[in-house]
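For reference, the structure discussed in these notes is given below.
The values are calculated or read from the model by the stated rules, or taken from the named source; none is laboratory data. Treat the numbers as computed from the prediction; the structure is a model and nothing was measured. Cβ placement follows ideal geometry from the backbone for every residue including glycine, while neighbour counts extend to all protein chains displayed. Keep in mind that these areas ignore ligands, DNA and RNA; they rest on the heavy atoms of the full protein, side chains included. Shrake-Rupley method; radii C 1.70, N 1.55, O 1.52, S 1.80 Å.
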Amino acid sequence: MPRIAETQRTDRKAAILDAAERCFVRSGFHGASMAEICAEAGMSPGNLYRYFPSKEAMIEGLCERDFDEIGEGFAALSHAPDIWGAFEVLARHHMVEEPRESCMLWVEIMSEVSRNPQIGALRRRIDAFIAENIRFALTVARDRGQTAANADLERAVQFLITFGDGLMLRRARDPAFDPRPHVAIMFDLLRDMLLPPATPTAAKASPP
């Protein structure tokens, strides 16, 4: 019985988070009321508040869910023979294949950072979590000889976070934006930063 009860609780929390995500995308963080979220989830306010006492708690729950998925994806990189190829697949999953609504929610959360200390603290956690996982993946690549031995990994980490934020913003604000060529550009630049320069082919001697 305890296991069944815990499963039911987990399922209800997931249903509330799904409903909250739809409401935040549709109405914005401030525009979405708790009453709207309750109606979307098909729950009474008293029942919903047992799981999430505030909209901030729902945002945190959504981020925690993303943490689990992102962490699993980066952990899988350590077992991939080709870190670069696996890293590109992971980046395309989050930056290209994820629904545009996920980007819209991300931008909605980020817009609250300067106004809401709780969301600001959450943003710092998100940045630290993503940086830690990227740093881990690049360190594995360096240890396997798949980057230059003296590659500046920290510079690459900051570049990826900043570039990724820009892609998310572009996807959120422009329905016609295609992120695929930009992800390719991102990895071209990353390779320029981390791989040793190619050895130029010796020029053939010109005939006299």
Exercise for the section: Kindly indicate the residue of the stretch 79-101 that is part of a helix (DSSP H, G or I) and out of contact with any helix residue (DSSP H, G or I) (no Cβ under 8 Å at 6 or more places or on another chain) and also least open to solvent (accessible area, probe 1.4 Å) among those meeting that condition. Expected result: G85
Practice task
Assess whether D192 counts as being farther than 30 Å from K55 by Cα, more than 16 Å from the chain's Cα centre (by Cα) and surrounded by 10 or more Cβ atoms within 10 Å (Cβ to Cβ).
Solution key: no
Fill in the blank from the handout: Log entry, pairs with first residue in the stretch 104-115 being without any contact (Cβ under 8 Å) to a residue 60 or more places away in the chain, second being surrounded by fewer than 20 Cβ atoms within 10 Å (Cβ to Cβ) and of a type in the set (D, E), beta carbons closer than 9 Å, six or more apart or on different chains, reads M110/D165
Fill in the blank from the handout: Output for Cβ contacts, cut-off 6 Å, separation at least six or different chains, first residue more than 20 Å from R50 (Cβ to Cβ) in the stretch 23-39, second open to solvent by less than 30 Å² (accessible area, probe 1.4 Å) and at pLDDT 90 or above, reads F24/A32
Exercise for the section: Go through the stretch 133-177 and give me each residue that's open to solvent by less than 40 Å² (accessible area, probe 1.4 Å) and among the aromatic types (F, W, Y). Expected result: F177
Practice task
Working only within the stretch 146-173, note down all residues that are part of a helix (DSSP H, G or I), touching a residue at least 60 places away in the same chain (Cβ under 8 Å) and under 18 Å from W84 (Cβ atoms).
Solution key: G164
Exercise for the section: Could you list, in sequence order, all residues of the stretch 57-70 that are small (G, A, S) and open to solvent by 20 Å² or more (accessible area, probe 1.4 Å)? Expected result: A57
